[in-house]
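The values are calculated or read from the model by the stated rules, or taken from the named source; none is laboratory data. This is a predicted model, so every value here is computed, not measured. Methodologically, a virtual Cβ is constructed for each residue, glycine included, from the backbone with ideal geometry; neighbour enumeration extends over all protein chains shown.
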Amino acid sequence: MLLTKDLVKVRIKDDRAFPVFLNEDLAKARDLAGTMIDIGERLAGATLEDFKEALDLEADTTLPYYKGMLKVFLESSASDDPDDLSEKRRDYLILSEELRKICSGDIEKFRSMIAERAEKSFEEISASLYADLPDFSLITMPSSISAASILGKYNRALLRGLMLSSNAIDIEISGDLAQVRKLLRASKFHRLILESLDIQEKVSRLRISGPLALGSHNIAYGSRLSSFVNHVIDLPSWKLNTEVEVRSMSLKLEVISGKAFFGAPETHDAYIPEEFKSLVGQHPFQKESVEIKNNTKFLTISNSIVIPDFFVHSKEKGFFIELIHKWHQSSAIKSLSSLAELKKNGLVLAIDKSLTKEPKVQKLIEKARSENIPVLEFREFPTIRSILEIFTNFPNYSLLKPGWPSADN
């Protein structure tokens, strides 16, 4: 969740913007959040209109952060994520088109068939599909919500809202390389433009393009950047610098990790199924043992930073594996277009089978294999067997190089 431009509150001094974060101990803010929770629990299942009428009577609606906190509260207590609802609507639209052809204008038959497919009544389907629209919104209360958590979410939403009108953001990360790796993976997932990266043992720095530099594409990009900032907030120690546009002024913004960002983390490491975990470890192969380990080393492929998922090695040979999932078609094409760099860096691409059916990707894979460069294909995860077969089928692909992970580290 994020605060829109009209809800973002900042103080301006000289050429700098200072976000007005809510202190966890701010009595008026806690009282407001507490009142929202009390009314929400009392009117659970009621309409949004009923909820707002009760707030007008019981809460201090003149507070400058009232509207922003109300937005945060309503999104925190929503029964469905707006993105999930949009996906549901798309699914039902496709199903509806299919059933209309079968039902030939028979409305009752159509309603009956769609209810049977969904295992819900037609009325339940209609109500749930538009739960994010004001006229259909019903108040629900998750058990985990608290006044403090609302304040913490408000501060996150405030910083995320500022990212919608930002130039390039500079981020400093203190901590081990695993934190940097996690952040770079998040930037890749959100399809952000990484302008520069400086990795050091104690403090690493990266610069990511902001939406103001992207013209007509800035709205979608700003939304993705805003989501990415949630990952920054959840790191133990960081500093963010950028320029933001506020009230038609370009202002410097600096935010550091600290007291403003309290509450539970809102980003999590992706769930790793047991089958995937089983790849990591020692595996017997012919007359020796091969180790597959999680990788933290960075490679540069086609002027882009790549962080392979695994490093696989025997005593004398080794290679990296980068998983490319179905939503990363552009990454697959870019990497497969740089075969010399793949070979130089000992990088093996493992590509989701749904991507390998794309004509352009398929053609590039064929070219790679014709030049004796291995490419794996997988449905869910690469198998141990397919990984180990690279040593047999491509014996000269990669010898261990200085600086690579080895059996000794």
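Scanning the stretch 34-53 for residues that are among the small types (Gly, Ala, Ser) and modelled with pLDDT under 90 gives GLY40, ALA44, GLY45, ALA46. Name the residue that is surrounded by the fewest Cβ atoms within 10 Å (Cβ to Cβ), counting only residues in the stretch 110-166 that are at pLDDT 85 or above and outside any helix (DSSP H, G or I). Ranking the qualifying residues of the stretch 110-166, first place goes to SER146.
Among the residues making up the stretch 314-352, those that are part of a loop (DSSP other than H, G, I, E, B) and either touching a strand residue (DSSP E or B) at 6+ places or on another chain (Cβ under 7 Å) or modelled with pLDDT of 85 or more (or both) are SER314, LYS315, GLU316, HIS325, LYS326, SER337, SER338, GLY346. Looking across the stretch 367-382, the residues that are more than 12 Å from LEU323 (Cα to Cα) and either outside the structural domain of ASP309 (by TED's automatic domain parsing) or in contact with a strand residue (DSSP E or B) (Cβ under 9 Å, 6 or more places away or on another chain) (or both) come down to ALA368, ARG369, ILE373, PRO374.
Looking only at the stretch 168-183, decide whether some residue is within 26 Å of VAL20 (Cα to Cα) and of a type in the set (Asp, Glu). Yes, the stretch 168-183 contains a residue that is within 26 Å of VAL20 (Cα to Cα) and of a type in the set (Asp, Glu). Taking residues in the stretch 185-209 that are in the same structural domain as SER237 (by TED's automatic domain parsing) and at negative phi, and partners anywhere that are of a type in the set (Gly, Ala, Ser) and not in a loop (DSSP other than H, G, I, E, B), the pairs with Cβ atoms closer than 7 Å and at least 6 places apart or on different chains are HIS190/SER227; LEU194/SER187; ASP198/SER204; LYS202/SER174; VAL203/SER174; LEU206/SER196; ARG207/SER196; ILE208/SER187. Pairs linking a residue in the stretch 289-307 that is within 22 Å of LYS344 (Cβ to Cβ) to a residue that is assigned to a loop (DSSP other than H, G, I, E, B) and acidic (Asp, Glu), with Cβ atoms under 9 Å and 6 or more positions apart or on different chains, are ASN295/ASP309; THR296/ASP176. I'd like to check something: does the stretch 221-234 contain any residue that is part of a strand (DSSP E or B), under 23 Å from ALA157 (Cβ atoms) and hydroxyl-bearing (Ser, Thr, Tyr)? No. Does LYS315 satisfy the criteria of being free of Cβ contacts under 8 Å to residues at least 40 places away in the same chain and basic (Lys, Arg)? Spelling it out, it is not the case that LYS315 is free of Cβ contacts under 8 Å to residues at least 40 places away in the same chain and basic (Lys, Arg). From the list ASP31, ASP15, ASP56, the lone residue that is at pLDDT 90 or above and under 30 Å from GLU243 (Cβ atoms) is ASP15. Of all residues in the stretch 184-220, those that are outside any helix (DSSP H, G or I) and touching a strand residue (DSSP E or B) at 6+ places or on another chain (Cβ under 8 Å) total 16.
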